[in-house]
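Remarks on the structure that follows.
The values are calculated or read from the model by the stated rules, or taken from the named source; none is laboratory data. It should be emphasised that the depicted structure is a prediction, and the values quoted were computed from it without experimental measurement. Ideal geometry is used to build each Cβ from the backbone, glycine not excepted, and the neighbour counts take in all protein chains shown. All accessible areas refer to the heavy atoms of the entire protein, side chains included, with ligands and DNA or RNA removed. Shrake-Rupley method; radii C 1.70, N 1.55, O 1.52, S 1.80 Å.
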Amino acid sequence: MPYAMKLDLRMVLALLCAAGLAPLVAGASEEPGAAGEAAPLALTPTEYNNTVADLLGFPRDGERWPKRPSVADRISPRRTASKGVFSPPPPPDPWPWPFPAEPGADGFEGIAQGQSPSSYQVEELHLAGMHFGAFALLSPTFFDCPGWSELPAAEREACAARSILRFAERAYRRPLRAGERRRIEVFWQAQIANEPIDEAVALTVAGILQAPAFHFKLEPDPTEFDAWQLATRLSYFLWDSMPDEELFRAAGSGELASTEGIERQARRMLDDPKARPAVVHFHHQWLGTDQVLLIAPARRAFGPRFGVSRVLRNTRDDDTKWPAILGPIRHSMRLETELFVEEAIFDRAGTFTELMTGNHGYMSRGTAPIYGATTTEDEGRAAVTRQIEYVSVSVGRKRPLTLDPVVLDPTQRAGVLTLPSVLAIGAYAVQPGPIPRGVRILERVACMEMGDPIEGVESALPPDALGVESTNRERTAAATKPSECNSCHRRINPAGFAFEHYDAMGAWRAEDNGQPVDASGSLRLPGAEELTFADGVEFAHKLAASRRVRDCYALHWTRYALGSHLERDAPGLEPIQKRFRENDSVKELMVSIATSDLFRARSAGVGSEGGP
């Protein structure tokens, strides 16, 4: 088949449809669901990439994957790098595939109400399937016979056919149905009749990776899950990926029919290293800290902190120094958050209290000026080095970034809310942002729906400038004093002012514009809880112990586990929240959710829209 024909998307889709392997389209599924039934839940970009890596037996590190096989270039276009302008950027790794982000719902991806496939996404799914299909030829786990490429032709073909069916069972995360098995065999025979065997294998695997049974985690079948669907829900909840062989065994043996069996598997899975990045991923979404890679603090405000002048020498100069400094700082902030969350939940007390109040941390050379001289080296933990990628002088760059373990000053730092990443995404280019910081606390931490701001309110906000009068708190209070603003800001402002000790990059400060910082306040939460505090550290401790806040955190986790919006008064939610109020272990919360009646029902307590 000529190269151009192999790249024709319409032809490939036609072949797949003819074989019954129709790829994902908006609302597609193998069998239509009953009227009113909850929508099937698709893999998120993160889950897709993790699943492909686990299916093929490759690490979740693109630099450790083998080079893209030549057959991939014969059946699909090569993905090109987009970063860099004036010189060639580093070649992209073969994994992960750069899908467009999901719109999301309730602040998270993987929520059915926030999944709306576009034509662009469908095309990317096709390109990813063709790309990864070729890697089956290099996979250490794909073929069920050793030395496949050296076997006689008949044996090689028979081995490939068996391996494809075994791969499809793992990709679909359940035994193949009779019709599916037949359609895959017909599709394979069509490829082997017209293509070299390596291309036939790659194209058939690509077809499986574009089938609805692969893309949809949960199919619109019964109201109650069968064991295979339950195993799938459990693995994507705890691992962001497919079940392993032990979980498949548990599903097939009937072990998941009992609460004890589910609990046994959940605890085993939480002890597996794959649980760590999945839990970290949840917290990035909870707090929005992935957005720290987009922060843009102003050189005129913070340049001297990092050894550069506030201003350029003349207006014709290009500012190359400040972006080169900010790139590693952004990545360091993100990684510091990941390491903090992982240690708090898996290596320390493992409680919500530890997450909200702990003072262990990491910092790099780039972020050391933000933390200042109050940190002390923690000799009991090892430094961590990660590879980062950023753009400097219009060139994409890769470099290792080392983060050193430190003990943070407990009078200045307490938990995730005082990490530079969280503080920096709630700030402007020059000044801290008490309003966005306050809204984040109320909506994400306390599950209070604040609604949209009044139209045109941005024009009334204090100027984001250096040469200002009074303190940031005073200017914000004055701007939000009118009665039409105060009904919301009497709650927003105190939650934001609690963090006035931190500038727009998250550095602690004792003074603002020459005046002592006032971070005190009082916040009334729904349920008549009154939180009174002197500063952000005390506020974090009060939030950690709050019934409302713990219930909110449990609600976020339960929605995330179910993959659908859950009403606050949903039957079955209260027992989960009650246990978490009494024992705030995050891992125990996850086990409690996995063994709940809600988790085993397809749509109990699920609503299609509405706020918390």
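The table below lists the values:
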read-out: Verdict on Gly506 being surrounded by 13 or more Cβ atoms within 10 Å (Cβ to Cβ), in contact with a strand residue (DSSP E or B) (Cβ under 7 Å, 6 or more places away or on another chain) and closer than 30 Å to Arg300 by Cβ; value: no
read-out: Gly396 vs. criteria open to solvent by less than 10 Å² (accessible area, probe 1.4 Å), at pLDDT below 90 and either farther than 28 Å from Arg568 by Cβ or not in a loop (DSSP other than H, G, I, E, B) (or both); value: yes
read-out: Verdict on Glu255 being surrounded by fewer than 16 Cβ atoms within 10 Å (Cβ to Cβ), in contact with a helix residue (DSSP H, G or I) (Cβ under 9 Å, 6 or more places away or on another chain) and among the charged types (D, E, K, R); value: no
read-out: Cross-chain or 6+ apart pairs with Cβ under 8 Å, the stretch 529-553 first and more than 20 Å from Arg490 (Cβ to Cβ), then among the acidic types (Asp, Glu) and open to solvent by 30 Å² or more (accessible area, probe 1.4 Å); value: Arg547/Glu529
read-out: Filtered residues of the stretch 105-125 (kept if outside any loop (DSSP other than H, G, I, E, B) and among the charged types (D, E, K, R)); value: Glu123, Glu124
read-out: Selection count where residues are open to solvent by 40 Å² or more (accessible area, probe 1.4 Å) and of a type in the set (Val, Ile, Thr), scope the stretch 260-295; value: 0
read-out: All positions within the stretch 356-383 that are free of Cβ contacts under 8 Å to residues at least 60 places away in the same chain, surrounded by fewer than 17 Cβ atoms within 10 Å (Cβ to Cβ) and outside any loop (DSSP other than H, G, I, E, B); value: Ala368, Ala373, Thr376, Glu377
read-out: Residues being surrounded by fewer than 22 Cβ atoms within 10 Å (Cβ to Cβ), of a type in the set (A, V, I, L, M, F, W, C) and closer than 20 Å to Arg491 by Cα - total across the stretch 414-440; value: 1
read-out: Any hit, the stretch 592-600, residues being open to solvent by 10 Å² or more (accessible area, probe 1.4 Å), among the β-branched types (Val, Ile, Thr), within 30 Å of Arg268 (Cα to Cα) and not in a strand (DSSP E or B); value: yes
read-out: Some residue of the stretch 51-72 being out of contact with any helix residue (DSSP H, G or I) (no Cβ under 9 Å at 6 or more places or on another chain), open to solvent by 20 Å² or more (accessible area, probe 1.4 Å), at pLDDT 90 or above and in a loop (DSSP other than H, G, I, E, B); value: yes
read-out: Filter result (among the β-branched types (Val, Ile, Thr) and either over 22 Å from the mean Cα position of the chain (by Cα) or surrounded by fewer than 21 Cβ atoms within 10 Å (Cβ to Cβ) (or both)) within the stretch 540-583; value: Ile576
read-out: Subset of the stretch 131-176 (residues that are in a helix (DSSP H, G or I), surrounded by 15 or more Cβ atoms within 10 Å (Cβ to Cβ), without any contact (Cβ under 8 Å) to a residue 60 or more places away in the chain and hydrophobic (A, V, I, L, M, F, W, C)); value: Trp148, Cys159, Ala160, Ala161, Ile164, Leu165, Ala168
read-out: Number of positions in the stretch 443-463 that are closer than 14 Å to Gly288 by Cα and either modelled with pLDDT under 95 or surrounded by 20 or more Cβ atoms within 10 Å (Cβ to Cβ) (or both); value: 1
read-out: Among residues of the stretch 497-531, those that are more than 33 Å from the chain's Cα centre (by Cα), among the polar types (S, T, N, Q) and not in a loop (DSSP other than H, G, I, E, B), counted; value: 1
read-out: Candidate set from the stretch 177-186 (those that are over 35 Å from the mean Cα position of the chain (by Cα) and of a type outside the set (Gly, Ala, Ser)); member that is surrounded by the most Cβ atoms within 10 Å (Cβ to Cβ); value: Glu185
read-out: Residues of the stretch 497-531 satisfying the condition of being more than 14 Å from Val422 (Cα to Cα) and among the small types (Gly, Ala, Ser); value: Ala510, Gly514, Ala519, Ser520, Gly521, Ser522, Gly527, Ala528
read-out: Selection from the stretch 114-130 of residues that are closer than 16 Å to Pro96 by Cβ and either open to solvent by 30 Å² or more (accessible area, probe 1.4 Å) or in contact with an Asp or Glu (Cβ under 9 Å, 6 or more places away or on another chain) (or both); value: Gln121, Leu127
read-out: Lone unmet requirement of (1) among the small types (Gly, Ala, Ser); (2) modelled with pLDDT of 95 or more; (3) touching a Gly at 6+ places or on another chain (Cβ under 8 Å) for Ser253; value: (3)
read-out: Selection from the stretch 278-315 of residues that are touching a residue at least 12 places away in the same chain (Cβ under 8 Å), farther than 27 Å from Ala446 by Cβ and in a helix (DSSP H, G or I); value: Arg299, Arg300, Ala301, Phe302, Gly303, Arg305, Phe306
read-out: The stretch 332-353: number of residues that are open to solvent by less than 40 Å² (accessible area, probe 1.4 Å) and not in a loop (DSSP other than H, G, I, E, B); value: 15
read-out: Some residue of the stretch 203-217 being under 22 Å from Trp95 (Cβ atoms) and open to solvent by 60 Å² or more (accessible area, probe 1.4 Å); value: no
